[in-house]
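Chemist: Shown below is the structure under consideration.
The values are calculated or read from the model by the stated rules, or taken from the named source; none is laboratory data. This structure is a prediction, so every number in the text was calculated from the model and none was measured. For neighbour counting, all protein chains shown are included, and Cβ atoms are generated from backbone atoms with ideal geometry for every residue, glycine included.
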Amino acid sequence: MDTAQGSLLVVDDNPMNRDMLARRLARRGYTVAVAADGYQALAMIEAQPFDLVLLATSPTKWSPVCLTHRKAYSWVGKSVGSQC
């Protein structure tokens, strides 16, 4: 493909799953970044925009729900608290 289809972030604590998915998406023309956990994903999301974030259902650090809440709350200037 000549042009990138979009910017994706793949978040999974399993390196084999993460790398396999990233390679497949890159072959289809997407620009792909990877993160091993929620902490790394949040830092990457803060540093650059992504068109889509693909989250594993049970990463070792922060669930997808907590990551989503942290990002959403940061947009409105509120704290998530200790739930996540």
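Chemist: Taking segment 13-45, which residues are closer than 14 Å to residue 56 by Cβ, at pLDDT 90 or above and touching a helix residue (DSSP H, G or I) at 6+ places or on another chain (Cβ under 6 Å)?
Modeler: Passing the criteria: 34, 35.
Chemist: Right, next: Being modelled with pLDDT of 90 or more and not in a helix (DSSP H, G or I): is that true of residue 81 here? Steps first, answer last, please.
Modeler: Values: modelled with pLDDT of 90 or more: no; not in a helix (DSSP H, G or I): yes.
So residue 81 does not fit the description; no.
Chemist: Could you grab me the full set of residues in segment 24-34 that are among the aromatic types (Phe, Trp, Tyr) and in a helix (DSSP H, G or I)?
Modeler: none
Chemist: I need the full set of residues from segment 14-37 which are under 12 Å from residue 54 (Cα atoms) and acidic (Asp, Glu), in order please.
Modeler: 37 - this is the single residue of segment 14-37 that is under 12 Å from residue 54 (Cα atoms) and acidic (Asp, Glu).
Chemist: OK, next. Within the set of pairs 6+ apart or on separate chains, which have a first residue in segment 35-55 that is part of a helix (DSSP H, G or I), a second that is crowded, with 19+ Cβ neighbours inside 10 Å and among the aromatic types (Phe, Trp, Tyr), and C-beta atoms under 9 Å apart?
Modeler: 38/62; 39/62; 41/62; 42/62
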